[in-house]
Amino acid sequence: MSINFPELPYTFDALAPHISKETLNYHYGKHHKGYVDKVNKAISDTKFQNAKLEDIILEGDGMLLANAAQAWNHTFYWNSMSPKGGGEPGAELAKELAKHFGSWGEMQQTFNEKAAELFGSGWTWLILNSDGKITIEDRIEEGNPMTDGKKPLLTCDVWEHAYYLDYKNERGKYLDGFWQLVNWEFLERNLG
């Protein structure tokens, strides 16, 4: 058995103009696929050959963990955006975010600050902690909150390959585009 390379939840041009078809072709078709291929090669004839990707992340190490986390993170990232996304969250979600951040706008500002501050490559995550508190955390490289017993709610990929073709080195503009696509419904489902 192998890890499936999931289909994008939308067409390659669906996120334009915020994320171009060219970026999605490279990011999804080369980077994401490459991680999945490396995981499948690494698990062949091992105890992980029939494992779920989440189990590989929680039990694996080294390059297997790195590639498994990157494969999972990318799938989660694609679902964190939608061509019908953006705007404001629904009233209930806005109320929930306000409990943790003051307002959803303050959550967005904190998220952007964390993502902009992350040095190098990684991910910025909206996370549900075991105590019920929602926080925003950066993870370098392939970091995934599940390895710390936390539940991912939403993520933004801040590796340069996620935005360089469209925004060059302007991560802030990329983040502005991300919020035009944010999938509030996906976040709500993850909170549920």
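Quick note: the coordinates plus some simple rules give every number you see, no bench work behind them. From a predicted model like this one, the values you see are computed outputs, not experimental measurements. Glycine also receives a Cβ, built like all others from the backbone with ideal geometry; neighbour counts cover every protein chain displayed.
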### Query
How about Lys41: which lysines have a C-alpha closer than 25 Å to its C-alpha, ignoring those fewer than 8 places off in the same chain?
Lys30, Lys33, Lys52
### Task
Taking 7 Å along the Cα-to-C-beta vector as the label spot, tell me the Leu191-Thr147 distance in nanometres, rounded to one decimal.
2.8 nm
### Task
Calculate how steeply helix 91-101 sits against the longest principal axis of the alpha-carbon atoms of the chain, using the helix alpha-carbon long axis, and give the answer as 0 to 90 degrees to the nearest 10.
80 degrees
## Note on the structure
In terms of the charge dipole of the chain, which places +1 on Lys and Arg and -1 on Asp and Glu at the beta carbon, the residue among Asn50, Leu126, His100 farthest towards the positive end is Asn50
### Summary
Two pseudo-spin positions, 7 Å from Cα along C-beta at Lys99 and at Glu54, lie apart in nanometres by 2.2 nm
### Task
Starting at the first residue of the stretch 64-70, write each ³J(HN,Hα) from the Karplus equation 6.51 cos²θ - 1.76 cosθ + 1.60 with θ = phi - 60°, in whole Hz, x for Gly and Pro.
5, 4, 4, 6, 5, 5, 5
## Note on the structure
Along the stretch 140-153, Karplus-curve 3J(HN,Hα) (6.51, -1.76, 1.60; θ = phi - 60°) to the nearest Hz, with x for Gly and Pro, reads 7, 6, 9, x, 9, x, 4, 5, 9, x, 10, 9, x, 10
### Task
Run down the lysines and flag those whose C-alpha is under 17 Å from the C-alpha of Lys84, throwing out any fewer than 8 positions away in its chain.
Lys21
### Message
What are the ³J(HN,Hα) couplings of the stretch 51-62, residue after residue, when phi is run through the Karplus curve with 6.51, -1.76, 1.60 and θ = phi - 60°? Round to Hz, x for glycine and proline.
### Response
7, 6, 4, 4, 5, 5, 5, 6, 10, x, 8, x
